[in-house]
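The values are calculated or read from the model by the stated rules, or taken from the named source; none is laboratory data. Computed from a predicted structure; not experimentally measured. Every residue, glycine as well, gets a Cβ built from its backbone with ideal geometry; the counts of neighbours run over all protein chains shown. Only protein heavy atoms, including side chains, enter the accessible area calculation; ligands, DNA and RNA are left aside. Shrake-Rupley method; radii C 1.70, N 1.55, O 1.52, S 1.80 Å.
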Amino acid sequence: MKVIADSSSTRTQWALIDDNNQQPVESALTAGLNPYFQTRREISHSIRLELPPSFFRRRWGPVYFYGAGCANPEKIKIMEQSLTAQFKTRVFVESNLLAAARGLLGDEPGMACILGTGSNSCLYDGEQIVQNVRPLGYILGDEGSGAFLGKRFVADCLKEIAPAPLREAFYERHQLTVDEIMDGVYTNSLPNKTLSQYSFFLAEALDNEYVIQLIYDSFMQFFVRNIASYRYNGDNLCFVGSIATTFEPILHRVARDFGMTIRKVVPSTLPGLINYHSTH
């Protein structure tokens, strides 16, 4: 029996997998875990309190954890220590980008992209990531992500650039004043998550030309500032994430306008990771 987890800054999907069966024995959903924004103690606390007791009833086989922010040795060590303290077994920590590559492509070469709370992309040779354009986070990058969309939309609301009916509907939906929005962004420990949550308001207004153009422009920036750097001419371009699936028709339109075709768009890489670890 092994534990597989796929974590973004927003949520973590967990599965207990029997070695003889690809179907999860048990699944769970907890808050996102990111060592860039959380201490070892905070991560351990979240795991212990939010996972069902069944995940701790006995010592399992390996824990395979794929997470946002797990891209350098220092941050990986924080996550490894937290997981080892809770599960008392071998722990393997990898980036959520490798999760995307393995979950979307398996053993096939191609390009794997993430459009969720944040964004990322890579070229994958079927075994490992061979090229990665730095995503740079929600301040300097993360084009096309929920945080990027939320930041653009909220800024347009506060500057009164967004259409007045749309602004009024947004304020009504979230029951927030301008000062409360500013406070929530600038004093929140997870501002990227807050901004990403605002982006889902746009999904309810896809009949609005302003909204369509905002999403189109954000996705096009992802292609121009990330995809273009790979000079990838293959046909194995795949996407994962809540933003990719929520706005999938616009994403396909941007890809076509960019001269590419998207092969696959899925909300989660966990099913693909379960399949991957059943054979590796």
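List of remarks:
- Tallying residues that are open to solvent by less than 20 Å² (accessible area, probe 1.4 Å) and in contact with a Phe, Trp or Tyr (Cβ under 8 Å, 6 or more places away or on another chain) within the range 75-97 yields 4.
- Taken over the range 126-156, the criterion of being at pLDDT below 90 and crowded, with 20+ Cβ neighbours inside 10 Å is satisfied by 135, 138, 141, 142.
- Where strands (runs of 3 or more DSSP E) fall entirely within the range 59-132, those with at least 3 residues that are in contact (Cβ under 8 Å) with a residue 12 or more places away in the chain are at 63-67, 91-95, 110-115, 119-124.
- Restricting the range 10-27 to residues that are under 24 Å from residue 71 (Cα atoms) and open to solvent by 20 Å² or more (accessible area, probe 1.4 Å), the residue that is modelled with the lowest pLDDT is 10.
- Residues satisfying the stated conditions in the range 30-55, i.e. closer than 15 Å to residue 67 by Cα, open to solvent by less than 70 Å² (accessible area, probe 1.4 Å) and not hydrophobic (A, V, I, L, M, F, W, C): 30, 32, 34, 35, 38, 44, 46
- Which numbered condition residue 181 fails, given (1) farther than 18 Å from residue 214 by Cα; (2) assigned to a helix (DSSP H, G or I); (3) under 22 Å from the mean Cα position of the chain (by Cα); (4) hydrophobic (A, V, I, L, M, F, W, C): (3)
- Hits in the range 1-22 - residues which are free of Cβ contacts under 8 Å to residues at least 60 places away in the same chain, of a type in the set (S, T, N, Q) and farther than 16 Å from residue 92 by Cβ: 20, 21
- Extreme residue, modelled with the lowest pLDDT, among residues of the range 194-251 that are over 18 Å from the mean Cα position of the chain (by Cα), open to solvent by 40 Å² or more (accessible area, probe 1.4 Å) and aromatic (Phe, Trp, Tyr): 232
- Qualifying residue in the range 40-49 (condition: within 21 Å of residue 192 (Cβ to Cβ) and in a strand (DSSP E or B)): no
- Residue that is farthest from residue 97 (Cα to Cα) [pool: residues in the range 116-132 that are touching a helix residue (DSSP H, G or I) at 6+ places or on another chain (Cβ under 7 Å) and among the aliphatic types (A, V, I, L, M)]: 123
- Lone qualifier among 102, 173, 134 - being farther than 30 Å from residue 279 by Cβ, of a type outside the set (Gly, Ala, Ser) and within 20 Å of the chain's Cα centre (by Cα): 134
- Of all the numbered requirements in (1) at pLDDT below 85; (2) β-branched (Val, Ile, Thr); (3) within 17 Å of residue 6 (Cβ to Cβ), residue 76 misses one, and that requirement is (1).
- Looking at the range 195-280, the helices (runs of 4 or more DSSP H) lying wholly inside it that each contain 2 or more residues that are more than 22 Å from residue 99 (Cβ to Cβ) and of a type outside the set (Val, Ile, Thr) sit at 209-225, 248-257.
- Look at the range 257-280: where a residue is in contact (Cβ under 8 Å) with a residue 60 or more places away in the chain and a partner is basic (Lys, Arg), sitting 6+ places away or on another chain with Cβ atoms under 8 Å, you get 269/102; 272/102; 273/102; 276/102; 277/2.
- Flag if residue 54 is free of Cβ contacts under 8 Å to residues at least 24 places away in the same chain and either touching a helix residue (DSSP H, G or I) at 6+ places or on another chain (Cβ under 9 Å) or not in a strand (DSSP E or B) (or both): no
- Selection status of residue 171, modelled with pLDDT under 90, open to solvent by less than 50 Å² (accessible area, probe 1.4 Å) and either in contact with a Lys or Arg (Cβ under 9 Å, 6 or more places away or on another chain) or over 22 Å from residue 227 (Cα atoms) (or both): no
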